[in-house]
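Written below as structure tokens is the structure these notes are about.
The values are calculated or read from the model by the stated rules, or taken from the named source; none is laboratory data. Just so we're clear, the structure is a prediction, and the values are computed from it rather than from any experiment. Here the Cβ positions follow ideal geometry from the backbone for every residue, glycine too, while neighbour counts run over all protein chains shown.
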Amino acid sequence: MKNFLPLLFILLTGILACEPEEEKITTSLDVKLAFSTDTVLFDTLLTERLSVTKRLRIYNPNDKAVKIHDIRLGKGRASDYSMIVNGQSGTTIKDQVLFGGDSLLILVSVEIDQQNKDLPYLVKDSITVSWGKYLANVKLVAYGQDANFVNSRLICDEVWTADRPYVIYNFALLDSLCTLTVQPGTKIYLDNGASFFVQGSLKILGDSGRHVTIRNTRFDPDYLEAPGQWGGIYFLEGSKDNEIRYADIENGEIGLRVGTPDDDEKYDLEISHTTIRHMSVAGILAFSSDVYAYNTLIHNAGGFLVGNLAGGNYKYEHCTFTNVPSFFISDDPMIQFSDNVILADDDVLVGDLSVEITNSILWGEGVNQLFVGDGGGATVVTKIQSNIIKSKEDWPDNYVSQERNYPGFKDPFTFNYQLDSLAFARDKGVNISISDDITGHLRDSKPDIGAFERIDPK
């Protein structure tokens, strides 16, 4: 026993002597730490909705460890922000040891309560970090946006205004014999998986200076162009007298899904001055329906830019349909019309088909972008003229090519489908009753093909 105690003392002394330098806590009060940023900034957030998680790192560039006395939220329990440090959540985290050459991760999120305000408002706080003789503050900044939340049947003959956004959770249903009017500048956000079902009449009435926006609820940069973030706008059987003008519809699965079969050829949905983009399934998907669109841009869709199946009556004038560039790879035609469709139970739905396309651009990565099918044996009538078509097939009275950027888009790889100064599409259209373009600019006596009229700088 007498020999064991000195041996134990020597062993413990050796262990302490072997402690790595970076794990020894410095006794100096004058040591510096570095921060990954001086401000943690969140994008505009819908109230009562948890934000994405942001990361803040504290770096110790010193050889020895530094003891951080506390990390705290400035407003304490009254803060809209929350933080997690080393797996601990709370408004104050104490006694954190940061080894030399190491870093400490702080996870920050925010959930903002409604303040009954129409305009976005600033929500601020800070994270205070104290160590040695130093005290550092990192700003926390977010903007809250109050909203009208929708998760049910709508009030009949309601009017949606631009005062606050409308957020659809799960679903919204517009009953038959009811009309919803959406005023210029209104913003409609659909949560993940949410859809808008229309049995009555939907009137989206934007104008050239105040478009109606329909998109997902995520505003962080990674989701600005991400498809498939919500379901779609579904026009159900019996829906009629629908109008969409000056709208931007983006980031869903199906922009407009139309299934309104009836016995007349009156258009149940008219679309103008509208952009539909970044859709995982289709821009416009219609079955046995009557649809008219002009001055409309559809781009970057997974299955169809336009898929009009099982017959119907369709008219497109001065439209631009393009999948260049696209997040999706497909050799199939992206603009398809057919007098039939095979249903999930293998039944075949067949209907007479009328297709009219004029002064439009039908473009994409595959060699053939337009398909008109008559495999159902129904009556198929087409009037397709004065269009630019990416195709190896012959389409009389149209401009057909395989050349790269043959239409002359200004910068397609930034999704800018206006025409450049030397665009082939310039002055190639025929005169029809469309007097302006998608932006509201007047067309000249020699209209350009597509949704955009080239306006040369003066």
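For the structure I just gave you, tell me whether V110 is assigned by TED's automatic domain parsing to the domain that holds K67, under 22 Å from the mean Cα position of the chain (by Cα), surrounded by 21 or more Cβ atoms within 10 Å (Cβ to Cβ) and hydrophobic (A, V, I, L, M, F, W, C). So V110 passes the test.
Residues F452, F424: which one is on the phi < 0 side of the Ramachandran plot, among the aromatic types (F, W, Y), in contact with a Ser or Thr (Cβ under 9 Å, 6 or more places away or on another chain) and touching a residue at least 60 places away in the same chain (Cβ under 8 Å)? Unique residue meeting the criteria: F452.
Considering the conditions (1) of a type in the set (A, V, I, L, M, F, W, C); (2) at pLDDT below 95; (3) in contact with a Leu (Cβ under 8 Å, 6 or more places away or on another chain), V52 is excluded by exactly one of them, (3).
Condition test on G377, is it surrounded by 13 or more Cβ atoms within 10 Å (Cβ to Cβ) and either of a type outside the set (S, T, N, Q) or under 31 Å from the mean Cα position of the chain (by Cα) (or both)? No: the conditions fail for G377.
Pairs meeting the criteria (first residue in the range 282-297 and assigned by TED's automatic domain parsing to the domain that holds E317 and more than 15 Å from H318 (Cβ to Cβ), second residue modelled with pLDDT of 95 or more and basic (K, R), beta carbons under 6 Å, at least 6 apart or on different chains) are L285/R257. Sort out which residues of the range 118-130 are surrounded by 13 or more Cβ atoms within 10 Å (Cβ to Cβ) and within 26 Å of the chain's Cα centre (by Cα), and write them in order of number. Scanning the range 118-130 gives P120, Y121, V123.
Of all residues in the range 366-391, exactly one satisfies the criterion of being basic (K, R) and either over 11 Å from P333 (Cβ atoms) or at pLDDT below 95 (or both), namely K383.
Within the range 318-329, being of a type in the set (S, T, N, Q) and either over 23 Å from G450 (Cα atoms) or outside any loop (DSSP other than H, G, I, E, B) (or both) holds for T320, T322.
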